[in-house]
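For reference, the structure discussed in these notes is given below.
Bear in mind these aren't lab numbers, they're just calculated from the coordinates by the rules spelled out. All figures in this text were calculated on a predicted structure; none of them were measured in a lab. Don't worry about glycine lacking a Cβ; one is built from the backbone with ideal geometry, like all the others, and counts go over all protein chains shown.
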Amino acid sequence: MAQDDTPSIAPVLHAIHILSEYDYVVLLQVTSPLRSVEDIDQAIAYCMDQQADSCVSVVEAGVSPYWMYTMADDGRMNPVLPMAKEEGYQRQKLPKVYQLNGAVYVASREFLIKVKDFQNEETLGYIMPTERSFDIDTLMDFYIAEALKKGHRL
């Protein structure tokens, strides 16, 4: 099962079929080492208090998708999302957007069996602070996370 292209949900689904006595599953990816015990506990509590089937941790995005573009082969830029004229180009007028930070995923066993994913349109977002939302995807990310864990400021 452990292959480079194995989706992270595959071992979760395998585990819930073997360990059927649990009602909820919490996935903690190793690429998010700066999350705290409180982040985990609070995401679980939020999911359960709201009687939600699933909850994932998120962080406020550093860049709005209204400021993002795709680029055609000829170099022309096309906005990912069209911006309404009344919103103008003032960052303060744009809606807040959030991105998955990969730190905490919580879901009921039944939800995972049905949806085969930790999220759908009913999933709640548990907001985490930026300083604990670091995700390691590259070697440079690893070095930065290592420095942050040692208390260095960047």
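As a size descriptor, the averaged projected area of the C-alpha convex hull of the range 1-74 was calculated at 8.8 nm². Distance between the pseudo-spin-label points of Ala147 and Glu21 (7 Å out from Cα toward the beta carbon): 4.7 nm. Output the antiparallel fraction of DSSP beta bridges having both residues in the chain, as a percent to the nearest 5. Percentage antiparallel, nearest 5: 75. Only DSSP H runs of four or more residues enter the estimate; each adds -39500 (n - 2.57), and after division by the residues of the chain the mean residue ellipticity at 222 nm equals -8000 deg cm²/dmol.
The label point for Ala10 and the one for Thr130, both projected 7 Å from the Cα toward the Cβ, are 3.6 nm apart.
Size of the range 75-147: Rg and Dmax of its alpha carbons, in Å, are 17.6, 47.
GNM remark for the chain: springs join alpha carbons under 10 Å apart, and the peak mean-square fluctuation among Ile44, Ile136, Ile18 falls on Ile18. Taking amide hydrogens as placed 1.01 Å from N in the peptide plane, the amide H of Asp53 sits under 5 Å from that of no residue at least 5 positions away in sequence or on another chain. Of the residues Tyr46, Tyr69, Tyr98, the one that moves most in a GNM of the chain with alpha-carbon contacts below 10 Å is Tyr69. Under a Gaussian network description of the chain, with springs only between Cα atoms under 10 Å, the residue in Ala43, Ala103, Ala15 that fluctuates furthest is Ala15. If R0 is taken as 25 Å, the Cβ-Cβ distance between Gln99 and Asp74 corresponds to a FRET efficiency of 0.25. Within the chain, the proportion of C-alpha pairs whose separation exceeds 25 Å stands at 45%. Between the beta carbons of Gln3 and Gln29, assuming R0 = 22 Å, the FRET efficiency works out to 0.85 to the nearest 0.05.
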